[in-house]
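For reference, the structure is listed below as structure tokens.
Since every read-out is calculated from the coordinates, none of them should be taken as a lab result. From a predicted model like this one, the values you see are computed outputs, not experimental measurements. Quick reminder, even Gly has a Cβ in these numbers, built from the backbone with ideal geometry, and neighbours come from all protein chains shown.
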Amino acid sequence: MGVTVSLPFLRADAAPPAAHERFLADLPLTVLVGVTGVGKSTALAALTGADPGMRVLPDRREVTDAVMILPVAGAAVRDREERFRLTARYREAHPGGMAQALGSLVADVRHWGQTPVFDGLRGLDEVAFAARNFPAWRFVALGAPDVVRVRRLLGRADAFDQVRTAEAGDLRSALAALPGAGEVFTPAELEVLAALPAAGFSPADVLAKVKIVVSERRNYDPGAAEAFLHTLPGARALVLDTVVLNPEGVAGAVRTWAAGGHA
């Protein structure tokens, strides 16, 4: 039997909300949308800076652990590939994925307030489910090319960015043999990635980060999610390219939008 883990001032049981509680589905959440390495931390800092009273909900990793992984696996899972497998299994029964899991939680608004922020949703299925089923939610989507995301992952040294890989050996050959890599990266982009060890990165680390990006793209299509968000009114959705905009530009656009000035 799986185990459960509690989230602070949130619950997933069937008891109706008390006077001081509300379903997250009914609150005007601000939701960050984007895959790993697109710059969500910058946007999150801008949102909370624009509204110091805004509380940040447990992030995607924590909700995933509590709702999708621990009840099934019975223990923490750090390997990205295994986490993708378990979350895909959850989505088979819950097509809204993380959006459906998040919306089902009951929040103590004495702690979380009425306008919390969540980091974040990924892919068309999650974003479309949230937009259509939770009309009070609004979205900040961030995008960046996959090669840029690999380079950012190499630079951030996040202990969570782990996958099992064999030694890379000949990195160019290892990248070419990686399942799905040719569907995500062009031949020219694979050459750019194969050259990254010249910048001081180990071939094994480059291969691991490419594997993360390929795995995410297999499960979530950032482009489709962004295209859907472009169909929403500007007051509900902000879509930003974090290569065109530097971190200061992203932060400024988010603050303007959060204040009602539609970036």
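Figures for the structure shown
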{"read-out": "Angle in degrees between helix 247-258 and the longest Cα principal axis of the chain, rounded to the nearest 10", "value": "20"}
{"read-out": "Extension reserve of the A199-A259 stretch, reckoned as 0.36 nm per residue once the Cα distance is removed", "value": "17.5 nm"}
{"read-out": "Crossing angle, helix 40-50 versus the chain [Cα axis fit, 0-90 degrees, rounded to tens]", "value": "30"}
{"read-out": "Separation in nanometres of the label points that stand 7 Å from Cα toward Cβ, at V192 and D170", "value": "2.4"}
{"read-out": "Computed lengthening from V243 to A73, 0.36 nm per intervening residue step minus Cα-Cα distance", "value": "57.5 nm"}
{"read-out": "Virtual spin-label span in nm between D59 and H94, 7 Å along Cα→Cβ", "value": "2.0"}
{"read-out": "Relative contact order (percent, whole number), the chain, Cα cutoff 8 Å, 6+ residue spacing", "value": "29"}
{"read-out": "Gyration tensor verdict on the chain (Cα atoms; rounded if a/c is under 1.5, prolate if a/b is larger than b/c, oblate otherwise)", "value": "oblate"}
{"read-out": "Gain in span if fully extended, R11 to A224, counting 0.36 nm per residue against the direct Cα distance", "value": "73.6 nm"}
{"read-out": "Long-range HN-HN contacts of L238 with modeled amide H, under 5 Å", "value": "F139, V140, A141"}
